[in-house]
1. Among the residues of segment 103-129 satisfying the criterion of being β-branched (Val, Ile, Thr) and touching an Asp or Glu at 6+ places or on another chain (Cβ under 8 Å), which is nearest to residue 151 (Cα to Cα)?
2. For segment 52-73: of the residues being assigned to a helix (DSSP H, G or I) and among the β-branched types (Val, Ile, Thr), which is surrounded by the fewest Cβ atoms within 10 Å (Cβ to Cβ)?
3. Just for segment 132-166: of the residues that are assigned to a loop (DSSP other than H, G, I, E, B) and either in contact with a Leu (Cβ under 6 Å, 6 or more places away or on another chain) or in contact (Cβ under 8 Å) with a residue 12 or more places away in the chain (or both), which one is farthest from residue 108 (Cα to Cα)?
4. What residue, among those in segment 86-129 that are over 18 Å from the mean Cα position of the chain (by Cα), exposed (fewer than 10 other Cβ atoms within 10 Å of the Cβ) and among the acidic types (Asp, Glu), is nearest to residue 31 (Cα to Cα)?
5. How do the pairs read when you match residues in segment 3-23 that are outside the structural domain of residue 40 (by TED's automatic domain parsing) and within 15 Å of residue 49 (Cα to Cα) with residues anywhere that are of a type in the set (Ser, Thr, Tyr) and surrounded by 14 or more Cβ atoms within 10 Å (Cβ to Cβ), using Cβ under 8 Å and keeping only pairs 6 or more apart or on different chains?
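The values are calculated or read from the model by the stated rules, or taken from the named source; none is laboratory data. This structure is a prediction, so every number in the text was calculated from the model and none was measured. All Cβ positions, glycine included, derive from the backbone under ideal geometry; neighbour counts span all protein chains shown.
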Amino acid sequence: MARQTARRLDLTTGEQEIVEHMIRQATNPQWLVTRAKIVLKAANGQSTRGIAYDLGLTRNTVRLWRERWQATTAQRAATQAVEAETQTTLREAIELSLCDEYRRGGPVKFTAEQVVQIVAISCEDVTASEYPVSHWTPKEVAAEAMKRGIVSQISPRQVGRFLKRGGS
């Protein structure tokens, strides 16, 4: 079976200027610079394997960002057609092309009502409880929440997170 070569990425002059500027700009986050380098090297005809070797990445990572760039070509072209006079909008479109996709994260483990009840425990007078402490700590709040049956299990660290952000 013959090995496929990756297609050269097409960049307009404006896109190339912006991508090169992103690479040179010292204040950009490293993930953005790395992805911009992938796009620029791919536009210069470098192979996926060569880009991966040069940047210390896996071929799958390089392939992913080449494909994402190709997939968002139409969006960037539409941006250029509408906003030909400003470079700011095109830069935003390029950054959007190089950003991670939205990920949902894990399922919620504690309901809003449980969180409110846990925070409420920390607002109660600690002297009324059987704990020999002068103020509530996340460890005591976690133990009290489990004792009252608010939650079956919770770590003191999670209680600390709830208390730090005010229960939201």
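1. Going through the qualifying residues, I end up with 121.
2. 73
3. This residue is 136.
4. This residue is 113.
5. Pairs found: 5/47; 6/47; 6/48.
The rows are residues; the columns are (1) surrounded by fewer than 14 Cβ atoms within 10 Å (Cβ to Cβ); (2) in contact with a strand residue (DSSP E or B) (Cβ under 8 Å, 6 or more places away or on another chain); (3) over 19 Å from residue 64 (Cβ atoms); (4) of a type in the set (A, V, I, L, M, F, W, C).
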position: 11; (1), (2), (3), (4): no, no, no, yes
position: 14; (1), (2), (3), (4): no, no, yes, no
position: 17; (1), (2), (3), (4): no, no, yes, no
position: 26; (1), (2), (3), (4): yes, no, yes, yes
position: 43; (1), (2), (3), (4): no, no, no, yes
